[in-house]
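Shown next, in structure tokens, is the structure this report addresses.
The values are calculated or read from the model by the stated rules, or taken from the named source; none is laboratory data. Everything quoted here is computed from the prediction, not taken from an experiment. Note: ideal-geometry Cβ built from the backbone for every residue, glycine included; neighbour counts use all protein chains shown.
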Amino acid sequence: MSDIDTADIQQEPRLITETGIDRRVADIIEPVLIPMGYQLVRVRLSAQNGATLQIMAERTDGTMTVEDCEAVSTAISPVLDVDDPIGKAYHLEVSSPGIDRPMVRKGDFVRWTGHLVKCETSVLVENRKRFRGVILGADADGFTIERDQPGPDEAPTVVVPFSALAEAKLILTDELIRDALTADKKAKAAREAANENFEELDGDDETPSQE
């Protein structure tokens, strides 16, 4: 059994964070996102269209709709205007992480166990820095993958410490698409049910009018 409780995924800090201007942007917007029920996945400033600030975010249940993207954009635009960390005109682009998503939290490796991932480490792990394989499991210290193409002198599995992780991303497969769509439907259904229950309870608390 994993040492990580998937119910606590939304409380986890990111394993992989930004540097420079991207880090300044992350520090500004993350306190805005958390009370709204969103978690930051990645910030990236690129030279696309002059300058484009890409914000990847998601709800704590892993979903992210067009309406969610609009809500995040509306909320973070004013604080970015005030702090002005970029210092020049830019295009703001808010998006979901996508199906072949970056893996930035320990809980991501729990949630997507059984799927193909590619990753890079900051230091050598078993004489390598790049790995590709199926996630077999994760605990508090690292995750285990089954290599899809092990070398002649390499073990079929390898444990990658979270402390050594520099970058990781899911690889798009038919199984990943299927499971991601299923998880998205379940999360949205659960949220809708929770909203309906809240509305019913809220209605029951109303004081009847006196004639």
Conditions (1) in a strand (DSSP E or B); (2) out of contact with any Asp or Glu (no Cβ under 8 Å at 6 or more places or on another chain); number of the one not met by Gln54: (2)
Among the residues of the stretch 158-196, which ones are surrounded by fewer than 14 Cβ atoms within 10 Å (Cβ to Cβ) and in contact with a Ser or Thr (Cβ under 7 Å, 6 or more places away or on another chain)? Ala166
Yes/no for Val117 being among the aliphatic types (A, V, I, L, M), crowded, with 18+ Cβ neighbours inside 10 Å, under 18 Å from the mean Cα position of the chain (by Cα) and outside any strand (DSSP E or B): no
Given (1) modelled with pLDDT under 95; (2) farther than 30 Å from Glu146 by Cβ, identify the lone condition not met by Val79. (1)
